[in-house]
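Since the structure comes first, as structure tokens, the remarks are kept for the end.
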Amino acid sequence: MNLALIVILPFLGALLPGVLIRSGRTAAALGAGLATAAALAGVLAHLPQVLAGEAVATRIDWLPALGLSASFRLDGLAALFALLILGIGLLILLYARFYLARSDPAGRFFTYLMLFQGAMLGIVLSDNILLLLIFWELTSLSSFLLIGYWSHKPEARAGALMALVVTATGGLAMIGGMLILGGIAGSYEISEIVGAGDAIRNAQHYPLALALILLGAFTKSAQFPFHFWLPRAMAAPTPVSAYLHSATMVKAGVFLLARLWPVLSGTPEWFYAVTTVGLVTMLWGATVALFRTDLKALLAYSTVSHLGLIIMLLGFGTKAAALAAVFHILNHASFKAALFMGAGIIDHETGTRDIDLLGGLRRLMPITFGLATLAALSMAGVPLLNGFLSKEMMLEAAAHTPYLGNGWLLAALATMGALISAGYSFRLIALTFLGPERTDYPKPPHDPGPGLWLSPAVLVGVVVAVGLWPALAQPLVAAAAGAVVGGDLPAVALKIWHGVTPALAMSGIALAGGALLLTQQRRLQRAGAALARLDAGAVYAAVMAAAESGARRLSEALHDGSMARALAALVLVALVAGGWGFASAGIGPQTRPMLAVNPVVAVGWLALIVASLCLPLFHRDRLLALVLIGIIGLMVSIGFVYLSAPDLALTQITVEVVTVVLMLLALNFLPKQSMAEPAPRRALDAAISAGAGLGIGALIYALMRRDFSAPTISGYHLENAYSGGGGTNVVNVILVDFRGYDTFGEIIVLGIAALVIYALADVLLRRPNLRRLMAWSPDQPRAGDAHPVMLVVATRLVLPVALMVGVYIFLRGHNAPGGGFVAGLVVSIALVMQYMASGLAWAEARQRFEYHSLIGAGVLIAGLTGLGAWFMGRPFLTSAFGYVHLPPLEKFELASAMGFDLGVFLTVVGAVMLALASLSRLSWRAMTDERRRGEGS
Amino acid sequence: MEALVASAVAVMTAVGVYLILRRQTFPVVLGMAMLSYAVNVFLFATGRLVVNMPPVLSDTATGYTDPLPQALVLTAIVISFAMTAVVVLLALGSFIASGNDGIDLGEDRE
């Protein structure tokens, strides 16, 4: 199966639960499970090839010039992780199906889980670090959603936010590190970066790149001192803790370090940074786990500790240690996920997961006891279970690694870590299952049904099988480790008995010490409880509080709630930037002569200028301001006619009419006068606006006096309008053909705007606004006759003529000025006239089509016309045309573009009418009953 | 001619900016309308000014003006109407809901 498809499958699967949840939780889980199983089958199909040491790759170029391509690669390491993600994912889906309560929104849960699965799979299969970074952030996001799944719990929300802040901050650092890495290697493909190891390690920026990448990996993998988010992420439902926060997501950092191991490791910086952090994390996590009484918290700290162990092994930089790390990734995932699921079962069946309230469960819950005990013993490193094998390899590697010139220091500390680990594992078993049965469990405990214990049982099966026959895991682990170290692996066989080695002695000490810790339980608890509460959570809280108040102070300083101030700042910045541009770059000589001016044009210009200048002086009289706006719009339209733009002139003048009607409708409510503002403020604003006007005027003047610096694409449009688009009105052909996609987008925007207006008006028609509307009294005397008979008669007579003109303008549009936009506006005006003459109620009673449907039909028709091109094997919106001869008519042209223009026409009519009708509905509600009765007739 | 168009754009821009700096909704709406005129004429003028050469193909034409800015401005005119309408309704809504048509947050805090 294509690797890209394998990555996409979980994302597709994320869509299923939302659809299937109506058929119940089982259906939703099955849908998600199906996608997971399909992806798993895809990985398994490649497995023989991968185990033979080959890598499978897929590459889809996107922006090769920028090094952006979707390239995927499945080698041993990726296969190990993919199997963990998909295999455990499948078990988790089963477990979650039975774990979630009936009241939990299960569809959402499965969707989030599948999103995470896809993102995580993307990380391990990506062969491009930029692609990997995207998936990396996606895992942070999906983890946020999953931790906060029970969003009614404050600790879930806080935990989710903390996890997101910590891991996403690390992710940001990592982006920087990765970019540096890609810059040094000259490629963003991991397979090529891995080949440039020497160049990278010797590069000047290597320490910086290393630090940034480690920051990303350490935050993700919950390394000291960033580990504090992981225990708080335990507010998530237990399937999430088992899946994300023990088996997979927290191993993303580990994965990344393993992936980049051939490139970054082997330097003293790497050794001391990675080994030390791993070591400290291992010891600290284990120590805290020893004192936790919440089962999930205990397991969380134990996860922190084991992640530290793996990181430390990668830090050693030796091939044997890398092998041990890879093996422990597999082992830890199996026993820890099983343990989490066990903790979930205990919580589910007894009502508590506090080990102080538990004990004596071994007879009450024998299956759970058996499974959890085997998994916990594996965690402790007891022989014949898989945890023992990798722990012993870890001790062996530590024994051979000098630290700070000291030969035994690491060995001693590693043994110490293993000892504490054994201690908390034993404590977990003893305090939960052993001891006398109690009478005060919150719920009477009993084993759950197979739906809950089957998944951990499968994992414990792996724990025991690998523990007894390590050779089972040998091919996969060898292939994965081979992929980490780059091929030549030391011939280490995974086996139980290596003879009497130092590691065996260390293991023995650890297990005996762990047992001793258990007997000293009470004394220990008193001593260590306070110590274990220390972590960087307080630092996090302080940083967050400071950031929050800083952000608030900054935004309050920048924006005090005054829009005028913000706009003035915007204009000033534009002025400064424009002025700087003018001043710093040269400007070529004027090449175009000025056009001559005839007297009529000069008069029009004068009217425009005078009306414009009157506007700021008299704008406080709002009706007068509308008249002035009308003059300006008219002059602009005339200007368009004169300057060879008939289409623009037609559009401008029709838009002008509807705009004025709209503003009049609004003025019906708004005050007719604006308040006076203080003179200094007006003077300042005048200065700012004069600057803006001068700047824009100078810019367009300079532009108009010069020729194009390069030939424009307009020549192409002019040449091909007729031969390619079948029309002689080039502007219309551009709208419906060359740039049809743009127009399609514009009519959609137009429709959306009209719907927004409708929705806003609808809000105003509800309480409490409605009450204000009803109580509203006109601030101006009304005309005695709302519907003068002369106006009514005139509009009725004009209506058919206006509609005919609309149709005419529409039909001629392709070859002469006109088209869907103008025709739509003309028809709208004709209809609005009826509203004005006879009132809303009269017009609505005769309205045949909902304006909403007109908008929808318009967009649909335009879209379908575009799709029609597909059936001709052409791209979307390619138009076709031909000539039709219908006697007795003249030969006329029929172009598919006309269908598109029809869509434009309908959308324009629907949108304009919906906007105006919404406004008039407001006025209607505000009328007195008496007047309304007069209208209803 | 170019000077006339440039000065018209300049004046319309200046008036538009002045009006959007007012503290009440209606003048701001007017200002937006003025800025729309200015911007549309500006965009149109980037195609350079030509008299009597409409971009309608015919056998007798001596030349054509640049059709592309016209097509872009045509949709811009319609869209700016839609935006004006939305802003008008927002203005109306805030006036009906709050009883005054001021636009600054600071001024209607009580």
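When A:LEU330 is evaluated against the numbered criteria (1) more than 33 Å from the chain's Cα centre (by Cα); (2) open to solvent by 10 Å² or more (accessible area, probe 1.4 Å); (3) at pLDDT 90 or above, which criterion, by number, is the only one it fails?
(1)
Is it the case that B:ILE79 is among the aliphatic types (A, V, I, L, M), within 12 Å of the chain's Cα centre (by Cα) and assigned to a helix (DSSP H, G or I)? Show your work before the answer.
Numbers: among the aliphatic types (A, V, I, L, M): yes; within 12 Å of the chain's Cα centre (by Cα): yes; assigned to a helix (DSSP H, G or I): yes.
Taking the combined requirement at face value, the residue satisfies it.
Taking the options A:ALA536, A:ALA515, A:ALA510, name whichever one is in contact with a Ser or Thr (Cβ under 7 Å, 6 or more places away or on another chain), under 26 Å from A:VAL288 (Cβ atoms) and either in contact (Cβ under 8 Å) with a residue 40 or more places away in the chain or open to solvent by 70 Å² or more (accessible area, probe 1.4 Å) (or both). Give the steps one after another, and end with the answer.
Numbers: A:ALA536 fails: in contact with a Ser or Thr (Cβ under 7 Å, 6 or more places away or on another chain); A:ALA515 fails: in contact with a Ser or Thr (Cβ under 7 Å, 6 or more places away or on another chain).
Selected residue: A:ALA510, the only one of A:ALA536, A:ALA515, A:ALA510 that is in contact with a Ser or Thr (Cβ under 7 Å, 6 or more places away or on another chain), under 26 Å from A:VAL288 (Cβ atoms) and either in contact (Cβ under 8 Å) with a residue 40 or more places away in the chain or open to solvent by 70 Å² or more (accessible area, probe 1.4 Å) (or both).
Here are some residues: A:GLY107, A:GLY118, A:GLY89, A:GLY122. Which one is surrounded by fewer than 24 Cβ atoms within 10 Å (Cβ to Cβ) and part of a helix (DSSP H, G or I)?
Step by step, each of A:GLY107, A:GLY118, A:GLY89, A:GLY122 is checked, and only A:GLY107 is surrounded by fewer than 24 Cβ atoms within 10 Å (Cβ to Cβ) and part of a helix (DSSP H, G or I).
If you go through segment A:309-325 one residue at a time, do you hit one that is under 35 Å from the mean Cα position of the chain (by Cα), assigned to a helix (DSSP H, G or I) and within 24 Å of A:GLY370 (Cβ to Cβ)?
No; the residues of segment A:309-325 include none that is under 35 Å from the mean Cα position of the chain (by Cα), assigned to a helix (DSSP H, G or I) and within 24 Å of A:GLY370 (Cβ to Cβ).
Could you tell me which of the residues A:LEU595, A:LEU615 is over 25 Å from A:PHE708 (Cβ atoms), among the aliphatic types (A, V, I, L, M), within 7 Å of chain B (Cβ to nearest Cβ) and open to solvent by less than 70 Å² (accessible area, probe 1.4 Å)?
Unique residue meeting the criteria: A:LEU615.
Tell me which of these A:LEU413 doesn't satisfy, since it passes every other one: (1) assigned to a helix (DSSP H, G or I); (2) open to solvent by less than 20 Å² (accessible area, probe 1.4 Å).
(2)
Which pairs turn up if I take residues in segment A:568-585 that are within 17 Å of B:LEU35 (Cα to Cα) and look for partners that are in a helix (DSSP H, G or I) and of a type in the set (Gly, Ala, Ser) with beta carbon separation below 6 Å, at least 6 apart in sequence or on another chain?
Final answer for the pair search is A:VAL571/A:ALA692; A:LEU575/A:GLY691; A:LEU575/A:GLY695.
Given the residues A:ALA557, A:ALA547, A:ALA471, A:ALA527, which is the only one that is over 32 Å from the mean Cα position of the chain (by Cα), more than 26 Å from A:ALA412 (Cα to Cα) and exposed (fewer than 14 other Cβ atoms within 10 Å of the Cβ)?
Working: A:ALA557 fails: over 32 Å from the mean Cα position of the chain (by Cα); A:ALA547 fails: over 32 Å from the mean Cα position of the chain (by Cα); A:ALA527 fails: more than 26 Å from A:ALA412 (Cα to Cα).
Checking each option against the conditions leaves just A:ALA471.
Restricting to segment B:18-46, what's the tally of residues that are open to solvent by 30 Å² or more (accessible area, probe 1.4 Å), within 8 Å of chain A (Cβ to nearest Cβ) and part of a helix (DSSP H, G or I)?
The total comes to 1.
Would you tally the residues in segment A:197-244 being closer than 20 Å to A:PHE98 by Cα and either assigned to a helix (DSSP H, G or I) or open to solvent by 20 Å² or more (accessible area, probe 1.4 Å) (or both)?
Keep residues of segment A:197-244 that are closer than 20 Å to A:PHE98 by Cα, which gives A:234-244.
When the remaining residues are screened for being either assigned to a helix (DSSP H, G or I) or open to solvent by 20 Å² or more (accessible area, probe 1.4 Å) (or both), the result is A:234-235, A:238-244.
Matching residues across segment A:197-244 total 9.
Pull out all pairs, ordered by first then second residue, where Cβ-Cβ is under 9 Å, the residues are six or more apart or on different chains, the first lies in segment B:23-46 and is farther than 17 Å from B:ILE77 by Cβ, and the second is in a helix (DSSP H, G or I) and of a type in the set (Asp, Glu).
Between residues of segment B:23-46 that are farther than 17 Å from B:ILE77 by Cβ and residues that are in a helix (DSSP H, G or I) and of a type in the set (Asp, Glu), the close pairs are B:ARG23/B:GLU107.
Look through A:VAL661, A:VAL655, A:VAL636, A:VAL610 and report the one residue that is farther than 27 Å from A:MET833 by Cα, assigned to a helix (DSSP H, G or I) and either facing another protein chain (nearest Cβ under 7 Å) or open to solvent by 20 Å² or more (accessible area, probe 1.4 Å) (or both).
Details: A:VAL661 fails: farther than 27 Å from A:MET833 by Cα; A:VAL655 fails: farther than 27 Å from A:MET833 by Cα; A:VAL636 fails: farther than 27 Å from A:MET833 by Cα.
From the options A:VAL661, A:VAL655, A:VAL636, A:VAL610, the qualifying one is A:VAL610.
When segment A:799-836 is examined, which residues are found to be at pLDDT below 90 and over 27 Å from A:THR743 (Cβ atoms)?
A:MET833, A:GLN834, A:TYR835, A:MET836
Can you confirm whether segment B:51-74 contains a residue that is more than 8 Å from every other protein chain (Cβ to nearest Cβ), hydrophobic (A, V, I, L, M, F, W, C) and not in a helix (DSSP H, G or I)?
Among the residues of segment B:51-74, at least one is more than 8 Å from every other protein chain (Cβ to nearest Cβ), hydrophobic (A, V, I, L, M, F, W, C) and not in a helix (DSSP H, G or I), which makes the answer yes.
Could you tell me which residue of segment A:699-712 is modelled with the highest pLDDT, considering only residues that are within 43 Å of the chain's Cα centre (by Cα) and more than 7 Å from every other protein chain (Cβ to nearest Cβ)?
Applying the filter and picking the extreme gives A:LEU699.
Per-residue answers, yes or no, for (1) under 18 Å from A:ILE92 (Cβ atoms); (2) in contact with a helix residue (DSSP H, G or I) (Cβ under 7 Å, 6 or more places away or on another chain); (3) small (Gly, Ala, Ser):
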site	(1), (2), (3)
A:LEU125	no, yes, no
A:PHE135	no, yes, no
A:LEU141	no, no, no
A:LEU145	yes, yes, no
A:TRP150	yes, yes, no
A:GLY159	no, yes, yes
A:MET162	no, yes, no
A:VAL166	no, yes, no
A:GLY171	no, yes, yes
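Looking at (1) out of contact with any strand residue (DSSP E or B) (no Cβ under 8 Å at 6 or more places or on another chain); (2) open to solvent by less than 10 Å² (accessible area, probe 1.4 Å), find the lone condition where A:TRP284 falls short.
(2)
Pairs under 6 Å by beta carbon, first residue closer than 15 Å to A:LEU121 by Cα in segment A:40-54, partner at pLDDT below 90 and of a type in the set (Gly, Ala, Ser), six or more apart or different chains?
If the second residue must be at pLDDT below 90 and of a type in the set (Gly, Ala, Ser), no pairs are left.
Taking segment A:759-780 as the search range and keeping residues that are within 9 Å of another protein chain (Cβ to nearest Cβ) and in a helix (DSSP H, G or I), which one is farthest from A:GLU719 (Cα to Cα)?
Going through segment A:759-780, the residues within 9 Å of another protein chain (Cβ to nearest Cβ) turn out to be A:760-761, A:763-764, A:768-769, A:772-773, A:776.
If we keep only those that are in a helix (DSSP H, G or I) too, we end up with A:760-761, A:763-764, A:769, A:772-773.
Numbers: A:LEU760: 46, A:ALA761: 47, A:VAL763: 51, A:LEU764: 52, A:ASN769: 57, A:ARG772: 59, A:LEU773: 57 Å.
The selected residue is A:ARG772.
Go through A:ALA687, A:ALA645, A:ALA676 for me and flag whichever is more than 9 Å from chain B (Cβ to nearest Cβ) and more than 20 Å from B:ALA91 (Cα to Cα). Can you show your working first?
Numbers: A:ALA645 fails: more than 9 Å from chain B (Cβ to nearest Cβ); A:ALA676 fails: more than 20 Å from B:ALA91 (Cα to Cα).
None of the other options fit; the residue is A:ALA687.
The conditions are (1) under 24 Å from A:TYR243 (Cα atoms); (2) crowded, with 22+ Cβ neighbours inside 10 Å, and A:LEU20 fails exactly one of them. Which is it?
(2)
Scan segment A:839-864 residue by residue and report those that are modelled with pLDDT under 85 and open to solvent by less than 60 Å² (accessible area, probe 1.4 Å).
If the condition is that a residue be modelled with pLDDT under 85 and open to solvent by less than 60 Å² (accessible area, probe 1.4 Å), then A:GLY839, A:LEU840, A:ALA841, A:TRP842, A:ALA843, A:GLN847 are the ones that fit.
Among the residues of segment A:565-588, count how many are in contact with a helix residue (DSSP H, G or I) (Cβ under 8 Å, 6 or more places away or on another chain) and either of a type in the set (S, T, N, Q) or open to solvent by less than 70 Å² (accessible area, probe 1.4 Å) (or both).
Qualifying residue count, segment A:565-588: 7.
Among the candidates A:ALA471, A:ALA532, A:ALA541, A:ALA479, single out the residue that is on the phi < 0 side of the Ramachandran plot, in a helix (DSSP H, G or I), small (Gly, Ala, Ser) and modelled with pLDDT under 85.
Result of the check over A:ALA471, A:ALA532, A:ALA541, A:ALA479: A:ALA532.
Please tell me if B:VAL11 is in contact with a Leu (Cβ under 8 Å, 6 or more places away or on another chain), aliphatic (A, V, I, L, M) and over 30 Å from A:ALA676 (Cβ atoms).
It is false that B:VAL11 is in contact with a Leu (Cβ under 8 Å, 6 or more places away or on another chain), aliphatic (A, V, I, L, M) and over 30 Å from A:ALA676 (Cβ atoms).
I want to confirm something. Restricting to segment A:710-750 and keeping residues that are free of Cβ contacts under 8 Å to residues at least 24 places away in the same chain and assigned to a loop (DSSP other than H, G, I, E, B), which single residue is most open to solvent (accessible area, probe 1.4 Å)? Full working, then the answer.
Of segment A:710-750, the ones free of Cβ contacts under 8 Å to residues at least 24 places away in the same chain are A:710-724, A:730, A:734, A:738-739, A:742, A:745-746, A:749.
Cutting the leftovers down to assigned to a loop (DSSP other than H, G, I, E, B) gives us A:710-713, A:739.
On the way: A:ALA710: 56, A:PRO711: 131, A:THR712: 57, A:ILE713: 100, A:ARG739: 98 Å².
Only one residue fits best here, namely A:PRO711.
The values are calculated or read from the model by the stated rules, or taken from the named source; none is laboratory data. Note that the structure is a prediction, hence the values are computed from the model and not measured. A quick note on method: Cβ atoms are made from the backbone with ideal geometry, for glycine too, and the neighbour counts reach across all protein chains shown. Ligands, DNA and RNA are stripped out before the accessible areas are found, and what is left, the full protein with its side chains, is counted by its heavy atoms. Shrake-Rupley method; radii C 1.70, N 1.55, O 1.52, S 1.80 Å.
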